[in-house]
Amino acid sequence: MYTVTNPATGEVLEQVPNATDEEVRADIERVHRGFAHWRLRPVQERAAIVLRAAELFAERAGELAEIMTLEMGKRISEGRGEIGVVADIFTYYGEQGPALVADEPLKIRGGQAVITKEPLGALLGVMPWNFPCYQVARFVAPNLVLGNTILLKHASICPRSARAIEQVLRDAGVPDDVYVNTLASSRQVPSILADPRIQGVSLTGSEAAGISVAAEAGRNLKKAVLELGGSDPLIVLDTDDLDATVQATATARMRNCGQSCNAPKRMIVMADIYEDFVDRMTKRVAEFYLPGDPADPATKLPPLASVAAADEVAEQVERAVRQGATLRTGGRRVDGPGAYLEATVLTDVTPEMDAYREEIFGPVVLVFKAGTEEEAIAIANDSPFGLGASVWGTDPERLRRVAARIEAGMVYLNSAGGSQADLPFGGIKRSGMGRELGPAGIEEFMNKKSIRL
Ligand code: NAP
């Protein structure tokens, strides 16, 4: 079942049965047939449709934000912000896409060649619930411009977002065999990947899902892009305004109720400011991030996306404390049917504890103390993940020096947890492989064909 449950109240609002195997095969056939004509449309036409989708997303921002609030508890203002980014991604690829897929002349020894940029075919997208519209946009906008067609399997808790996205694309002029929202279950994903009509897969989600999809893609020799979990380090080297640093870093961690892949989940603070940082962070988290209705614009801490998600994070915090971490504030589930968890600060987490290495996907700040710059870098890199990172301080050269030593796909200086249409996004190590957004994002499912003239 695809089930809509309001995480603020626990009320089940809608249940939609999964597609049968036969329906999934029919969905695959549609996008396979769609590729035959979509790839032949001039790129300017495909780009114009993508630009029209950008306008429609912007027009429907309020409606889409309300759906996300009901389905996964996103604060209404954050939902509107998310659609702003979605519109920007569609605009970026609509405007820049044709140049990014233009032929590239190449001088070779003894002659001349040209590299043409061609689509691969029908692709599968498997998407998560944490940014129901933004995650889909990152995969769909570049591939539509390139000429690929898309079968989209969204997370089972957000079928309304999935339908609303499909409607925007339809209204923008995307033919109904070019983008298809399938109600396949995750158990049907292996058979979709085994189907010769599907040429590749992009999954954004957990490590477990990544392992399974990568294995199936490998077994079937299909290209896979994996955008997986993270436990991003945030290093504070020094500051000339500790309150501002605490406020900005707390905001980055608490965005989307802590359920962002590239949220700064591990804050690493130099010893001389550590105690002050922890005191002020604890006060900020305890006093500012109070649970409330996500539909109320004044709310600072919405529910997590589901009761299961809230229980899991509460269990991780409890286990960390049992293993010896210090709970500075929060950590408890809030009484009632909603998926609320108090905003939390943990310190004294050591390498023997699970919390040191696992991803905590909720409103939980971990703070570590580093005696030296070397030690800060060592803690930052001592993680199975390598998605993003950030370095904070007052000396630009020092920031660049430290950034160069971080094992991650992205490093931000004096800001954290961001994303923008023209900047490639993606990780290394167990955070996945491949890139989305920017020029790199349109190249993942591209046949760079060499033609020797
Ligand atoms: P998830 O449970 O892995 O689900 C993501 C998608 O994968 C859903 O559509 C899910 O379907 C499907 N899925 C789950 N198990 C699968 C399997 N074995 N085979 C095929 N498909 C499977 O992840 P989530 O809880 O929605 O999302 C949170 C995770 O995503 C976090 O770890 C977060 O860090 C990561 N994330 C990464 C990025 C990035 O860019 N690196 C961005 C956002 C989120 P059902 O819903 O039907 O189970």
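Quick note: the coordinates plus some simple rules give every number you see, no bench work behind them. Because the structure is a prediction, the values reported are computed rather than measured. Note: ideal-geometry Cβ built from the backbone for every residue, glycine included; neighbour counts use all protein chains shown.
Which three numbers, in whole Å and largest first, are the semi-axes of the equivalent ellipsoid of the range 94-152 derived from its Cα gyration tensor as √(5λ)?
On the way: eigenvalues 197, 28, 16 Å².
Computed over the range 94-152, the values are 31, 12, 9 Å.
From most to least packed by mean Cβ count within 10 Å, the peptides 3-12, 19-28, 337-346 give 337-346, 3-12, 19-28.
Largest first and in whole Å, the equivalent-ellipsoid semi-axes of the range 106-184 read 32, 13, 10, each the square root of five times a Cα gyration tensor eigenvalue.
Students often check this: by mean Cβ neighbours within 10 Å, which of 99-112, 67-80 ranks highest, and how do the rest follow? Display every interim value, and only then the final one.
On the way: 99-112: 11.1, 67-80: 24.0.
The packing order, highest mean first, is 67-80, 99-112.
Bridging of Lys117 to aspartates and glutamates at a Cα separation below 12 Å is possible for Asp103, Glu104, Glu443, Glu444, once same-chain residues fewer than 8 apart are set aside. Loop-located GluC sites (Glu not before Pro) in the range 350-395 (DSSP state other than H, G, I, E, B) with a sparse environment of at most 16 neighbouring Cβ atoms within 10 Å: Glu352.
Is there a pair in Lys223/Lys449; Lys300/Lys429; Lys222/Lys449 whose C-alpha atoms are over 27 Å apart, and which pairs would that be? Could you put the intermediate results ahead of the total?
On the way: Lys223/Lys449 16 Å; Lys300/Lys429 33 Å; Lys222/Lys449 18 Å.
Where the Cα-Cα span goes over 27 Å, the pairs concerned are Lys300/Lys429.
Solvent-free Debye calculation, one equal scatterer per alpha-carbon of the range 252-407: log10 I(q)/I(0) at 0.10, 0.14, 0.17 Å⁻¹ equals -0.36, -0.70, -1.01.
Over the chain, DSSP H runs of length four or greater, each weighted -39,500 (n - 2.57), average out per residue to a 222 nm ellipticity of -13000 deg cm²/dmol.
Where both residues lie in the chain, what percent of DSSP beta bridges are antiparallel, nearest 5?
On the way: 25 of 66 bridges.
Antiparallel bridges make up about 40 percent of those DSSP assigns within the chain.
Summarised in one figure, the compactness ratio Rg/Rh of the range 276-326, Cα atoms and Kirkwood Rh, is 1.06. Based on Cα atoms of the range 371-453, Rg over Rh with Rh as the Kirkwood radius reads 1.10. When all alpha carbon pairs of the chain are counted in 10 Å bins from zero, the resulting P(r) reads 4, 21, 30, 25, 14, 5, 1, 0 %.
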